[in-house]
Amino acid sequence: MTGRAHAPFDTLKPVADGLWVIDGAPVQSGWILRGSRASVARLDDGSLWVHAPTTLTENLLAELEALGPVKYLVVPNTNYLASLPMWQAAYKDAIVYGAPGVPELAEESLEQVRVDRELDIDQAEAEWHGQLGQMLVRGSWRHREVVFFHQASATLIVSDIIQAHDTNALPAWMRPIVWLAGTEYTDGKMPYRMARGFNRQSLEESVEKMIDFAPERIIISQGHWYERDGTAELQRAFRRLVGSQQWLRALMTMERMRKGK
């Protein structure tokens, strides 16, 4: 796991060859503080793909320019529009991709926000096909999140479907909220309230697809991210969901064996 404070903020931190994270300071979301972390991938053509953009500072701008041109800005769900205007001002030619629901929210926003294209929910966009996999986590009409898989480094990149907050780094009044949500970093997972809004079977199918990626690490936007044992952490985070299905499949196998099939 990463360090508790995630500092320094607003600077590139290497994850693997061609992949970085940017830890942002906590941001206000309604009446609570939430974490922020962007991911940056360098594509085969040398351009940069930025997931869940955080605050863009002059120092970070210089670091990015040294890596390559920012060509794609990716908004994985409706919680990640706040910092987009400053990125669009700096990278006027960058193409903005948004998860389902993001383009509509951008149109309603009072900020100067532009979303050019909606992300495909089943396959990677042509611009990064073969380099980044992508899929919609199905089962909820309210939380529609597209997750990505950086193939060269076997890194799963998600935003909010797994959260792992360090309560020691939060204001005292926020700690009970994290405990009640079940997202304290010692057992990071999908918040209970979010999970209740998902169809169980659809979510299970999405989780199984993510497990099939066999990630070595998992980058999340809120809290600690997992630098190793990514597949095991994914199975742990969704153990109640995946575990019940494993039992069901085992019982079905036993029944087929009993009948000699």
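Collect the residues in region 149-169 that are in a strand (DSSP E or B) and in contact with a helix residue (DSSP H, G or I) (Cβ under 9 Å, 6 or more places away or on another chain), keeping them in residue-number order.
Listed by number, the residues that qualify are Phe149, Thr155, Leu156, Gln163, Ala164, His165.
Here is a check on your reading of the model: is Ala99 among the hydrophobic types (A, V, I, L, M, F, W, C), at pLDDT 95 or above and touching a helix residue (DSSP H, G or I) at 6+ places or on another chain (Cβ under 9 Å)? When the stated conditions are applied, Ala99 does not pass them. Could you say whether any residue in region 117-128 is buried (at least 19 other Cβ atoms within 10 Å of the Cβ) and assigned to a loop (DSSP other than H, G, I, E, B)? Yes, region 117-128 contains a residue that is buried (at least 19 other Cβ atoms within 10 Å of the Cβ) and assigned to a loop (DSSP other than H, G, I, E, B). Give Arg42, Arg37, Arg4 a once-over and let me know the one that is modelled with pLDDT of 95 or more, among the basic types (Lys, Arg) and either in contact with an Asp or Glu (Cβ under 7 Å, 6 or more places away or on another chain) or surrounded by 20 or more Cβ atoms within 10 Å (Cβ to Cβ) (or both). None of the others qualify; the one that does is Arg37. Here region 210-231 is the region considered, the condition is being over 22 Å from Glu184 (Cβ atoms) and of a type in the set (Asp, Glu), and the residue that is surrounded by the most Cβ atoms within 10 Å (Cβ to Cβ) is Glu216.
Do we have any residue at all in region 41-54 that's polar (S, T, N, Q) and in a strand (DSSP E or B)? Scanning region 41-54, I find no residue that is polar (S, T, N, Q) and in a strand (DSSP E or B), so the answer is no.
Checking every residue in region 177-188 against the condition of being at pLDDT below 90 and part of a strand (DSSP E or B) gives at least one match.
Report whether or not Ser202 is in contact with a Ser or Thr (Cβ under 9 Å, 6 or more places away or on another chain), buried (at least 20 other Cβ atoms within 10 Å of the Cβ) and of a type in the set (Ser, Thr, Tyr). So Ser202 does not fit the description; no.
Is at least one residue of region 200-222 assigned to a helix (DSSP H, G or I), touching a strand residue (DSSP E or B) at 6+ places or on another chain (Cβ under 7 Å), at pLDDT 95 or above and farther than 22 Å from Thr78 by Cα? Within region 200-222, one or more residues are assigned to a helix (DSSP H, G or I), touching a strand residue (DSSP E or B) at 6+ places or on another chain (Cβ under 7 Å), at pLDDT 95 or above and farther than 22 Å from Thr78 by Cα.
The values are calculated or read from the model by the stated rules, or taken from the named source; none is laboratory data. Note that the structure is predicted; figures quoted are calculated from it, not measured. So basically every Cβ, Gly included, is an ideal-geometry build from the backbone, and we count neighbours across all protein chains shown.
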